[in-house]
1. What order, most packed first, do the peptides 619-631, 692-704 have when packing is the mean number of other Cβ atoms within 10 Å of each residue?
2. Would you list S570, S735 from the most to the least accessible area, probe 1.4 Å?
3. Based solely on its DSSP helices, what 222 nm [θ] is calculated for the chain when runs of n ≥ 4 H residues each add -39,500 (n - 2.57) and the sum is averaged over all residues, nearest 500 deg cm²/dmol?
4. For the chain, what value does the Rg/Rh ratio take when both radii are computed over Cα atoms and Rh is the Kirkwood radius, given to two decimals?
5. Can you give the accessible area of E220 in Å² (nearest 10), computed on protein heavy atoms with a 1.4 Å probe?
6. Taking only Cα atoms, what is the 0 to 90° angle, nearest 10, from helix 450-460's long axis to the longest principal axis of the chain?
7. For a test of the definition: using alpha carbon positions, the gyration tensor, and the 1.5 limit on a/c, classify the range 448-573 as rounded, prolate or oblate.
8. Can you tell me the Rg and Dmax of the range 403-446, counting just the alpha carbons, in angstroms?
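The values are calculated or read from the model by the stated rules, or taken from the named source; none is laboratory data. Everything numeric here is computed off the predicted structure, so don't read it as measured data. Here the Cβ is made from the backbone with ideal geometry for all residues, glycine too, and neighbour counts use every protein chain on show. Just the protein is used for accessible areas: all its heavy atoms, side chains included, with ligands, DNA and RNA removed. Shrake-Rupley method; radii C 1.70, N 1.55, O 1.52, S 1.80 Å.
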Amino acid sequence: MREALSRQNADVPGGNVNTGREELVLRTMGRYTDPRGFEDLMIANVNGSPIRLRDVAHVEDGTKEQRSLARLNGIPTVTLEIRRQSGANTIDVINGIKRELPRLEGQLPADVKMEVIRDQSRYIEAALHEIQKHLILGSILASLVVLLFMRSWRSTLIAAVAIPCSLISTFGMMRALNFTLNSVTMLALVLMVGVVIDDAIVVLENIFRFIEEKRIEPREAAREATKDIGLAVLATTLSLVVIFLPVSFMSSISGRFLYQFGITAAVAILVSLLVSFTLTPMMSSRLIRVGDADTGGGHNSAGSRSGFYRWIDKAYTVMLAYAMRHRLAVSLVALMVVFSSIPLYRAVKQEFIPTNVDEAEFEISVNGPEGTNLAVMNETMAAIEKDVLSTPGVRLVLSNAGGSFLGGVNQGGAYVRIAPHEERTFSLGRLWTETKRGHPLDAFKGNYSQQDVMLEVRRRLQKYSPMRVGVRNAPSFNFGAGGRFDIDFNLRGPDIVALAAYGEDLMKRSQTLGGIVDADTSLKLNKPELRVEIDRARAADLGVDSTDIATALRLMVGGEDRASRFRDESINEDYDVELRLAEQYRSDVATIQRLYVPSSRGGLVRLDNLVKINRDTSPSRIDRLNRERLVSMRASVAPGFALADRIEALRGAVAQMNLPAAYTTTVSGRARELERTFTEFIWAFILSIIFMYMILASQFESTIHPVTILLSLPISIPFALLSLWATGDTLNLYSALGILVLFGVVKKNSILQIDHMNSLRSRGMERYEAIMQGNRDRLRPILMTTLALIAGMLPLALGTGPGAEERRSIAVVVIGGQMLSLLLTLIATPVVYSLLDDLSHTARWRKIASVTSGLRERLKKSRRRSREVPAEAAEARVVHDDQPEHLTAGVIRD
């Protein structure tokens, strides 16, 4: 029966025996049910005597070798990091985890507590809350500007409605493209507050002017005024859209960051154009009463132009008349302003993103010498933790010693949280709170920033040499291995020893350059090791293969992490069975030399008969870039300095080192993205200018007027750079966005001026009178749109809270550049307009113009011929319509 079962089972996979009605399963069970059973495992038989595992080893049911530990404010802690999958929403993931925490907390012992330490949603929600406040305040302030100039609450309501209509409609696009309400899209909406109201203000002001000065009924005034200003509004809006669209298609990391920004801004602007052509005229025709406008007739007798605006109008008229008499002097001043952008550009510091961001949290990294064990790192991190906790303003410290996924036991770090913004920085909310308590001056006392705390922590941790300590902000972008550092400067070459020496030399030189702190190198040749040199001739004589030597050393010294598996049926879990020398023998050369290895000739051979073991050092890691070995010098930028100038200083230091030709330098991380982003921004600026010229040329049907309009752009750049320099800000990703916004709003003024001057001249007015009258008519909408934009930006410039430094960079550029360049553009645009008009009447220009005009006429004739109706059809149609005879002849003749 047993033989029959064996024969049947041999052909059945898995040992299943089918006897017809029943199924018989045969299993061989050789597992230990108790870890102590491993001690009875027989591993050899010498002269008939069994050798069991307990005779040569110690069996222990314990844990794996500890490689890391953590503490929260000095209390032992187990940390659990949860990361969202790509494409998942951060807020949804975190809220889902928080909902599950109470259920898990109920399963923990009474003396174990669960606490959320790092919560990215906290920063996101706080930043979005600040942006929402800025959005509301900016909308209110922009609307108040309309009330200030128009002196009519109905007009204010009409202009104010354009803001929610444009922004709320943009949400539909965001939903369709699967955008989220994040810091980027919300920032775009805040920036557009002062922009989307511009079109409504321009149309509304023109309607109001028609009612007030031309004594036209509101319904007719809405129709005629919108038609009168429509070309200018269309040109300004389309030329503003083409500024933001090229930014959306940048290919760098910044391009992915700005994609949602550019699309959101462009859609909001297009919706504002639709609102200004439909909703604004309709509401104006219905809501504006003749009594709201003092219809005295004429420009000077208009009621809304009295009061403070009368003095502004008089002053501008005098300055414009003076400028028209001294056009050469005004041109020279404008040229000097434009060329001043060169020294100002060099004076303004540059970086990728602001490094002074106050997020109320930062990180500390600690790297010990190679060979430092976990016990030493634990003692060091405990001392560092006490020093950091005693620093004023620090609320929480989560420290860890040892390696994580790729780290070693000689590494450590800490997460530090400080007091929230509302307790340590001045804000209007804090001023209001302290005022209610009766101590308003307390809002100005005891204020400090995150940078102040970081400087104090860095000063306190200088004593922990030879540990290399770094204090830095949590990274906003993922740039790879060196992305957590401000500076990631690479040296590449063939010789690893020379690279390490050059890296150490550069690190020492960086300390003398100034502005570079927490410097360290990625390549270190001080990792201790035992180097085994095999006597190959002797090993061959004794019949020992080098593979057996390597296997013995790997098993005994390095250890086998998974020699077998033990299953604990009581909890239904499997555990690794490790095999390794005892800890006190692993680094003992004498013990290692007494190990035995098998010989092909039979028997065992002691290791000291075959090898020589020496203590030496080697690289802890070897990095490569494009298959070249490299060493990275990583550091942070000190306050008062910027990334771009520190990179240039490091390049100068490398030039003084006179490296061989085989050794080259590159930058990675933020510095590389800085160079790529600024290059792509330059191309985006160029494309925007080209697109703007094409749109303006098609709108004005002129090659000269677009040049006049676009000359306002270089005039605004020096004032933007001057604003950054005066406030101590830097030229970064956000301030570059501010320059884009500034380009869009500055040229709006020139479009309004030139369009109205051309309109007046087409009605027969002389050029000088058209310039004076046209610019006076457009002064009020220009001032209103400018001040509305500035009012919308004020909350960003004065705001506090998470991410305020990033938003402030944009506001500083737009507010400073627009305010300072306003007067010059109001004066320079009509002067340039007249100069180019004079140029167009010269003999050489007429010759050039005749060629272009001939081409333009031929294109027009070809378009007319393509649309021309045949004579017979025309006659039949005209007779059928019963039109006058001269119209029929006119159609045929055309």
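1. So the order, starting with the most tightly packed, is 692-704, 619-631.
2. The ranking, largest first, comes out as S570, S735.
3. -19000 deg cm²/dmol
4. Reported Rg/Rh, Kirkwood definition of Rh: 1.13.
5. E220 exposes around 70 Å² with every protein chain in place.
6. It is inclined by approximately 30 degrees.
7. The shape class here is oblate.
8. 19.3, 55
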